[in-house]
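What follows is one structure encoded as structure tokens, with my remarks underneath.
The values are calculated or read from the model by the stated rules, or taken from the named source; none is laboratory data. Model, not experiment: these values are computed from the prediction. Virtual Cβ from ideal backbone geometry, glycine too; neighbours counted across all protein chains shown. Side chains are part of the model used for accessible areas, which takes the heavy atoms of the whole protein and leaves out ligands, DNA and RNA. Shrake-Rupley method; radii C 1.70, N 1.55, O 1.52, S 1.80 Å.
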Amino acid sequence: MSGPLAVLEDIVDSSGVAARIEALLPTGVRHRQLRVRTLLVGMELTLADRRPAHLTEVHATLTGLPGPDQARLGVTEHWKTGPHQLTYRQTERTFNLVADALNKEHPDGAPTGVLIQICDDLLEASIPGQHKKVSTALAVDWTDVETFSRPPRRGTTECADPQASWGHRTSNLPGPKGELFFGYYLSAATMVREENGPAVPELARRMTLSSCELDPARALVPVLTRMPADGIPLGDILADSGYAHRDAGAWAIPLRAAGGELVQDLHPSDRGPRGTHHGAIIANGSLYCPATPRPLLELGPPPPGATGEQAAAHDQRSAELSRYKLGRLTSDDADGYHRVMCPAAMGKIRCPLRPSSMTLDRDRPEILTPPEHPPACCQQLTITVPPQVAVKTRQKHDYPSPAHRRSYTRRTGSERTFATPKDPATTSIARGWCRLMGLTPLTLWLASLLTVRNQRILATWQARQEQNTRRAAAGLAPKTRRRRRNTLATLAAAPP
């Protein structure tokens, strides 16, 4: 048995999805030569060989295996007339039976619960046991997947793929930065390292596919919140502002209830002061003293490509802002309530309303004009914060502090997850990659693709670890990738 074939067979067997799908298929008098297990292995072998997601390629892959493997997998059987090799029509029949069994009776643009569980089990089986518990942090994102169907004509809704719809994607190519496409949204959750933890292989752990008519953030939430029930605790959830800008009930609340810690970029519409609670200013998910300078409350993240001096100046202002923040005293109780304390009472600032704070060193900020009518946050030593305060923007680290920025850099793991399937040098999921139309066929193919992608990442990771071990034995430092950045200044100074 060949190496890749053995690995992929072990993944399909350990996931247990083949037997569950077989139980859903109709049983008839006519013998079906291609079993679901062999079909799934053939799909993954096809993608591992960097072929397109076509059933003709699956048939060619299976019939190109060595003779003993064909006999063991049922690709070749002994019929009354002699040995019979699998035909393309039999491959197509088994795949269509699987797709029909996993389809919804009334399609609504979302996969069935059985199909989602099958994808979860396949991806989980592709992760070796020694890597399952190295990190609970997940980076999430979505990308576009075009259908092979032509869009409906103007003024009509009929096309070959009725579950597909128009969506919007952002392009980094020259020209317009945004464009429309016809197809689906693919959402994935990638395992990344813990904060201040060692590097881990960035493996796709969960995925789902949905019509562009549905919100991809809302489609991914049920997939993530089921992970604790499967014995996988949620840790840091790293997401961009496209997720953070959703309603709290659609993203933040269910993930917090499931045990997740949000580390996300805030949408510009959610940054800065957003109301008060007992006089304390709500800004960027935290509570601040009513006398906090307005420019500090409107502090945003440093611009992309900021210089070292710009980053240092930003971090200094962020540290000054943190002095005005009301300090948290307790963790959330069962109902989501916690208590915070005045920053002057904690000794972070000097305020005339807190006489004991005026004896502190003058290196701390001082409130020169306290409120004429002090609110509750100034009169009381502590106040209670209910769960609905800053429920949408509250996260693990103060925004936009250096701690948040360092933690948020791990989100690029989700970008690398989609870079592999979209790379023409490996497996490009552009239009035509899969000519089967419909949500269920595409979901099965994409789950198989991410499973194969995990194996490539693991092979690269293992090779890098072995290389580092050899270099350490030779007294050399681990090999790192050198980043070269040419600026206009260096190009202008270069000789012609």
task: Summarise the accessible area of the chain (1.4 Å probe, protein heavy atoms) by the percent that is carbon and sulfur.
output: 54 percent
message: What's the magnitude of the charge dipole for segment 119-214 around its Cα centre, counting Lys and Arg as +1 and Asp and Glu as -1 at the beta-carbon? Answer in Debye, nearest 20.
response: 160 debye
query: Can you list the lysines whose alpha carbon is less than 29 Å from that of residue 479, not counting same-chain residues fewer than 8 positions off?
result: 132, 133, 422
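For 45, 436, what's the largest-to-smallest order of accessible area, 1.4 Å probe? Please report the intermediate quantities before stating the final value.
Numbers: 45 20, 436 45 Å².
Putting 45, 436 in descending order of accessible area: 436, 45.
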task: With a ≥ b ≥ c taken as the square roots of the eigenvalues of the C-alpha gyration tensor of segment 373-473, please select rounded if a/c is under 1.5 and otherwise prolate if a/b is larger than b/c or oblate if it is not?
output: oblate
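Please give the FRET efficiency for residue 63 paired with residue 160, using the beta carbon to beta carbon distance and R0 = 35 Å, rounded to the nearest 0.05. All intermediate terms of the calculation are to be shown ahead of the outcome.
Details: r = 28 Å, r/R0 = 0.81.
Rounded to the nearest 0.05, the efficiency is 0.80.
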message: If you count only protein heavy atoms with a 1.4 Å probe, what accessible area per residue comes out for the chain, rounded to a whole Å²?
response: 50 Å²
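Under a 1.4 angstrom probe, counting protein chains only, how are 476, 326 ranked by accessible area, largest first? Spell out each step's value before the answer.
Working: 476 90, 326 10 Å².
Most to least solvent-accessible, the answer reads 476, 326.
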Mean Kyte hydropathy of 0.0 or more with a Cα span along the axis of at least 15 Å, helices from DSSP in the chain: 3-15, 36-48, 113-125
- line: Note: segment 206-275, point scatterers on Cα, Debye, no solvent; log10 I/I(0) at q = 0.22, 0.23, 0.24 Å⁻¹ equals -1.01, -1.08, -1.15
statement: Under the rule rounded for a/c under 1.5, else prolate if a/b exceeds b/c, else oblate, using alpha carbon gyration tensor axes a ≥ b ≥ c, segment 132-184 is classed as oblate
message: Test of understanding: express the Cα radius of gyration of segment 1-156 as a ratio to 2.2 N^0.38 Å, with N the residue count.
response: 1.19
message: Could you sort the peptides 367-379, 338-350, 48-60 by per-residue average Cβ neighbour count (10 Å cutoff), highest mean leading?
response: 338-350, 48-60, 367-379
- prompt: Does the chain come out rounded, prolate or oblate by the C-alpha gyration tensor, with a ≥ b ≥ c the root eigenvalues, rounded set by a/c under 1.5 and, if not, prolate when a/b is larger than b/c and oblate if not?
  reply: prolate
query: What are the semi-axes of the equivalent ellipsoid for segment 290-409, taken as the square roots of 5 times the Cα gyration tensor eigenvalues, largest first, in whole Å?
result: 26, 21, 12
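Just subtract the alpha-carbon distance of residue 177 and residue 310 from 0.36 nm times their residue separation and send over the number in nm, one decimal.
Values: separation 133, 0.36 × 133 = 47.88 nm, distance 2.72 nm.
Additional length available on full extension: 45.2 nm.
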- prompt: Where does the charge balance sit around residue 15 when Lys and Arg score +1, Asp and Glu -1, over other residues with C-beta under 10 Å from its C-beta?
  reply: -4
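At R0 = 56 Å, how high is the FRET efficiency between residue 492 and residue 194 if r is their beta carbon distance? Nearest 0.05 is fine. Walk me through the numbers before you get to the answer.
Numbers: r = 43 Å, r/R0 = 0.77.
Working from the Cβ atoms, E equals 0.85.
State the dimensionless ratio Rg/Rh of segment 236-320 (Rg: radius of gyration of Cα atoms; Rh: Kirkwood radius). Before the final figure, lay out each step's value.
Details: Rg = 14.6 Å, Rh = 14.5 Å.
Ratio value, two decimals: 1.00.
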